[in-house]
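Take a look at the structure below.
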Amino acid sequence: MSSHIDEILALKTWAIVGLSSNEDRPAFEVAALLKSKGHRIVPVHPKGEMVHGEIGYTSLSAIPFAVDVVDCFVNSRLVGVVIDEAIAINAKAVWLQLGVIDESGVDRAQRAGLLSAMNKCPAIEYGKRGN
């Protein structure tokens, strides 16, 4: 599987699937970091909560504007559906967080023209780049 980390990190609008107002969850901290790096974050969670001052949505299809990256904080068994939704909304990339692995889902995304990262964390990747 090829990786396009720098290209994905350059994209602006990140829908973060699994992001809620629970400060103890990794998604909360990663979303704060992404926002601090100038990304627009879009919380996506069944509760549709506002997080970090950003309006939340209950699904990717409910977001009324274009999304560049779909960042997946969901179980590996469930992420394939999220990847298919990312393809359906014409996202430019999918990012599967640490421990989230779905080779066939990433393959579908790449065949649909999306950039991808799997089993990676943007916070760690930013740290490696010193920015």
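All of the numbers you see were taken from the coordinates with simple rules; none came from a lab. Because the structure is a prediction, the values reported are computed rather than measured. As a convention, Cβ positions derive from the backbone with ideal geometry for all residues, glycine included, and neighbour counts pool all protein chains shown.
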Under 20 Å between alpha carbons, and skipping anything fewer than 8 positions from Lys128 in its own chain: which aspartates and glutamates qualify? Asp6, Glu7, Glu29, Asp71
Quickly rank 89-96, 27-34, 120-127 as a protection proxy: mean count of other C-beta atoms within 10 Å, highest first. 89-96, 27-34, 120-127
Extension gain, Lys35 back to Ser61 (0.36 nm per residue minus Cα-Cα distance, nm): 7.2 nm
Qualifying lysines (Cα of each under 21 Å from Cα of Lys47; at least 8 residues distant if same chain): Lys35
Please report, in debye to the nearest 20, how large the charge dipole of the range 5-116 is about its Cα centre when each Lys and Arg carries +1 at its beta carbon and each Asp and Glu carries -1 there. 200 debye
Interchain or long-range residues, amide H under 5 Å from Ser116's placed H: His4, Val94
Taking a ≥ b ≥ c as the square roots of the Cα gyration tensor eigenvalues, with a/c under 1.5 meaning rounded and otherwise prolate when a/b beats b/c, else oblate, which class fits the chain? rounded
Can you give the relative contact order of the chain as a percent, counting alpha carbon pairs under 8 Å and 6+ residues apart? 24 percent
